[in-house]
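**Q** Handing you this structure, nothing more for now.
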Amino acid sequence: MTERTLSIIKPDGVARGLIGEVVKRFESAGIRIVAMKMVHMTRTQAEGFYAVHRERPFFDSLTTFMSSGPAVVMVLEGDNVIARNRELMGATNFKDAAEGTIRRDFATDIEKNVVHGSDAPETAAFEIAYFFNQFEIVGG
Ligand code: ATP
Ligand code: MG
């Protein structure tokens, strides 16, 4: 089934010059990019995005990190793209991530793990709408 997911190249990935590398991996996997822009989130915007993690011990650190510099937000489209994107990213902790995944190859820390990807259709819908309106998504 064709579906959409939100991908973010996090501030560590942008600062380290990994935009092209991450985009290349999506394109090489046959995933279509149907929206893309750069954003520098405020702390409040990052807190809203990660509201599901509000009670977690790492929430303050995570939202500080996510608002520390520019990030690239993208809408990806394709068959089963939510799961496929998470496969390309690898496990949250890069030490557990499979060989050849983005996080295994580039992450330096459990927090600074280069990319974000929605984890379910409901979170994808919320996260896409958090950054994009319908006119900013091609074919949308
Ligand atoms: P994301 O939501 O960013 O795609 P994920 O779904 O693999 O990642 P989550 O459990 O949703 O992981 O955690 C969100 C983010 O919070 C992680 O990507 C990471 O940046 C950070 N994080 C998760 N667990 C920890 C932890 N134990 N310590 C510090 N940061 C963490
Ligand atoms: Mg998550």
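What follows draws every value from the coordinates through simple rules; no lab data is involved. Please read these numbers as outputs of a predicted model, since none were measured by experiment. Please note: Cβ atoms are built from the backbone with ideal geometry, for glycine as well, and neighbour counts cover all protein chains shown.
**Q** Each residue of the stretch 6-13 in turn: what ³J(HN,Hα) in whole Hz from Karplus with 6.51, -1.76, 1.60 and θ = phi - 60°, glycine and Pro shown as x?
**A** So the Karplus estimates, Gly and Pro as x, are 9, 10, 10, 8, 5, x, 5, x Hz.
**Q** Still on this structure, I have one more. For GLN134 and HIS53, compute 0.36 nm times the residue count separating them, minus their Cα-Cα distance, and round to one decimal in nm. Kindly include the intermediate steps, with their values, before the conclusion.
**A** Numbers: separation 81, 0.36 × 81 = 29.16 nm, distance 2.67 nm.
Length gained, GLN134 through HIS53: 26.5 nm.
**Q** Throw me the Rg/Rh for the stretch 10-140, computed over C-alpha atoms with Kirkwood Rh, two decimals. Intermediate values should be presented prior to the final figure.
**A** Working: Rg = 14.1 Å, Rh = 15.1 Å.
Over the Cα atoms of the stretch 10-140, Rg/Rh equals 0.93.
**Q** Additional query: So if I place +1 on the C-beta of Lys and Arg and -1 on the C-beta of Asp and Glu, and nothing else carries charge, what would the dipole magnitude of the chain be about its Cα centre? I want it in debye, nearest 20. Please list the in-between numbers first.
**A** Values: 16 positive and 19 negative charges, 54 e Å.
With only Lys, Arg, Asp and Glu charged at Cβ, the dipole is about 260 debye.
**Q** Can you show me the helix-derived [θ] at 222 nm for the chain, built from DSSP H runs with n ≥ 4 at -39,500 (n - 2.57) apiece and divided by the number of residues, rounded to the nearest 500.
**A** Working: 7 runs with 55 residues, N = 140.
Only helices count here, giving -10500 deg cm²/dmol.
**Q** Full-extension gain between ALA15 and ASP119, please, as 0.36 nm times their residue separation minus the C-alpha to C-alpha distance. Don't skip to the end; give the middle numbers.
**A** Numbers: separation 104, 0.36 × 104 = 37.44 nm, distance 2.46 nm.
Extra length from ALA15 to ASP119 when fully extended: 35.0 nm.
**Q** What are the ³J(HN,Hα) values, in whole Hz, obtained from phi via the Karplus relation 6.51 cos²θ - 1.76 cosθ + 1.60 with θ = phi - 60°, for each residue of the stretch 94-110 in sequence order, with x given for Gly and Pro?
**A** For the stretch 94-110, the Karplus curve yields 4, 5, 9, 6, 5, 4, x, 8, 4, 5, 4, 7, 10, 5, 10, 6, 4 Hz.
**Q** Follow-up question, since we're still on this one. Across the stretch 14-23, in residue order, what do the Karplus-derived ³J(HN,Hα) couplings come to in whole Hz, using 6.51 cos²θ - 1.76 cosθ + 1.60 with θ = phi - 60° and x for Gly and Pro?
**A** Once rounded to whole Hz, the list reads 5, 4, 8, x, 9, 4, x, 4, 5, 4.
**Q** Please list, in chain and number order, the residues 5+ apart from ASP119 or on another chain whose amide H is under 5 Å from its amide H, with Hs placed from the backbone.
**A** ALA124
**Q** Give me the percent relative contact order of the chain, please, defined on Cα pairs under 8 angstrom at least 6 residues apart.
**A** Numbers: 237 pairs, mean separation 51.3, N = 140.
After rounding, I find 37 percent.
**Q** Obtain the nm distance between the two label points defined at ALA29 and ASN93 by a simple spin-label model: each point lies 7 Å from its Cα along the Cα-to-C-beta direction.
**A** 2.2
**Q** Here's something else I'd like to know. Around GLY78, which amide H atoms from residues at least 5 apart in sequence, or from another chain, sit under 5 Å from its own amide H, with H modelled in the peptide plane?
**A** Amide H to amide H, under 5 Å and 5 or more residues apart or across chains, GLY78 pairs with GLU3.
**Q** Which of the trypsin sites (Lys or Arg not before Pro) found in the stretch 35-96 are in a DSSP loop and have at most 14 neighbouring Cβ atoms, other than their own, within 10 Å? All intermediate terms of the calculation are to be shown ahead of the outcome.
**A** Working: sites: LYS37, ARG43, ARG54, ARG84, ARG86, LYS95; in loops: ARG54.
Passing sites in the stretch 35-96 are ARG54.
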